[in-house]
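Enquirer: Below are the structure tokens for one structure; questions will follow.
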Ligand code: CP3
């Protein structure tokens with residue numbers, strides 16, 4: 001039964017034509033219905049922790065565009081929040097967290113199993129979604145990967161150069177390793193509980209993987225993700241896992257080879273022709289349209305979407321963006337994208 005959902009077929013290694021489609025951050029501020037529900041909730045964290053509202057915003061883009069997946073509405077920073085970090089999202093500034101600076105700070109985090117209690121509203125959202133999700137759409141749960149979550153816990157906010165986490169990783173190896181281990185344990189518990197609550201697929205977001213290279217990439221991107229995947233899969237062998245390592249560059253092929261992920265999500269800097277040879281040979285691929293094209297629209301949007309569909313058409317592929325959709329994206333462009341992916345020639349036939 002479940003295998004009739006196009007995304008589950010692709011994740012099982014089958015070529016599906018046209019490819020199934022969903023978009024990273026598909027529930028968000030570019031949609032007027034999201035902005036209305038968000039306003040009703042008051043602030044972002046209240047929205048995440050109110051199951052009826054979180055389920056509502058998860059479903060909004062799926063109703064509007066008939067996407068092939070519903071992704072749980074939550075955030076990767078709920079795990080540090082559950083472990084005891086203070087967290088707030090202030091308007092226009094992104095997230096702010098209390099910082100980890102010493103071994104004591106790591107020791108004082110709450111035990112990994114606490115996520116099962118503290119994040120109970122998230123599991124309730126998934127239970128609602130598994131009842132209300134349209135029949136063709138797969139239900140996707142997710143978590144941040146340890147390195148990416150650690151960068152926020154060490155910096156106390158989002159940064160792009162990761163100077164502090166990189167310095168910390170080198171000068172406080174024991175503390176850093178203890179933090180990565182704690183996050184690994186918590187993530188295994190969190191994803192396992194999401195699956196128990198109805199997630200049919202889970203995704204790990206290593207959005208800042210590109211800040212690490214060489215041995216550091218192997219040790220803090222590949223290793224923790226491989227650990228999480230093997231432990232979650234041991235308990236749930238039939239639940240496929242998607243892994244995203246933004247800006248991994250050429251390391252994407254090593255990543256695809258060694259994490260055990262059923263699918264590798266590619267960012268938009270990756271050349272599809274390279275990835276078709278070097279990544280799709282090992283696993284299903286997801287991606288990788290530049291989200292800027294959903295702001296600008298036009299012929300370029302249609303051309304790039306067709307090119308991605310054609311280049312990945314010889315193997316399993318899930319169409320997606322390479323990064324999350326931005327608040328200034330135009331919902332009409334999203335509709336054009338969906339129509340193009342489902343029928344690349346719809347425009348020429350209509351003309
Ligand atoms: O994909 C989805 O629709 C599901 C929900 C989802 C959100 N965040 C909702 C959100 C998912 C999967 C995430 C993941 C996430 N969160 C990542 C990894 C993915 C990526 O984009 O690289 C990261 C790094 C975060 C951390 C985070 N959350 C930041 C840096 C911000 C602020 C940036 C911003 O856009 O304001 C958030 C907030 C956030 N998470 C919003 C949404 C819809 C915007 C909050 C709002 O409504 O004001």
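The values are calculated or read from the model by the stated rules, or taken from the named source; none is laboratory data. Computed from a predicted structure; not experimentally measured. Note: ideal-geometry Cβ built from the backbone for every residue, glycine included; neighbour counts use all protein chains shown.
Enquirer: Residues of the range 52-87 being part of a loop (DSSP other than H, G, I, E, B) and either within 13 Å of the ligand (Cβ to nearest atom) or in contact with a strand residue (DSSP E or B) (Cβ under 7 Å, 6 or more places away or on another chain) (or both), which ones?
Expert: Here is the first cut: in the range 52-87, the ones part of a loop (DSSP other than H, G, I, E, B) are 66-68, 72-77, 83-86.
Hits for the range 52-87 are 67, 68, 72, 73, 74, 75, 76, 77, 85, 86.
Enquirer: Continuing with the same structure: From the list 2, 36, 12, pick out the single residue that is more than 13 Å from the ligand (Cβ to nearest atom), modelled with pLDDT of 95 or more, closer than 28 Å to residue 135 by Cα and surrounded by fewer than 20 Cβ atoms within 10 Å (Cβ to Cβ). Write out each step before concluding.
Expert: On the way: 2 fails: modelled with pLDDT of 95 or more; 36 fails: more than 13 Å from the ligand (Cβ to nearest atom).
Of 2, 36, 12, the one residue that is more than 13 Å from the ligand (Cβ to nearest atom), modelled with pLDDT of 95 or more, closer than 28 Å to residue 135 by Cα and surrounded by fewer than 20 Cβ atoms within 10 Å (Cβ to Cβ) is 12.
Enquirer: Output the residue which, of all residues in the range 16-27 that are within 8 Å of the ligand (Cβ to nearest atom) and on the phi < 0 side of the Ramachandran plot, is farthest from the chain's Cα centre (by Cα). Explain how you work it out, then say what you get.
Expert: So in the range 16-27, the residues within 8 Å of the ligand (Cβ to nearest atom) come out as 23-27.
Subset that is on the phi < 0 side of the Ramachandran plot: 23-24, 26-27.
On the way: 23: 10, 24: 7, 26: 11, 27: 12 Å.
Applying the filter and picking the extreme gives 27.
Enquirer: Is it fair to say residue 90 is free of Cβ contacts under 8 Å to residues at least 24 places away in the same chain and either surrounded by fewer than 20 Cβ atoms within 10 Å (Cβ to Cβ) or closer than 25 Å to residue 120 by Cβ (or both)?
Expert: On the way: free of Cβ contacts under 8 Å to residues at least 24 places away in the same chain: yes; either surrounded by fewer than 20 Cβ atoms within 10 Å (Cβ to Cβ) or closer than 25 Å to residue 120 by Cβ (or both): yes.
Criteria met by residue 90.
Enquirer: Would you please list the contacts, defined by Cβ atoms under 6 Å and residues six or more apart or on different chains, that run from a residue in the range 35-61 that is free of Cβ contacts under 8 Å to residues at least 40 places away in the same chain to a residue that is in a helix (DSSP H, G or I) and away from the ligand (no atom under 11 Å from the Cβ)?
Expert: Matching pairs, first to second residue: 37/53; 37/56; 41/53; 47/53; 60/33.
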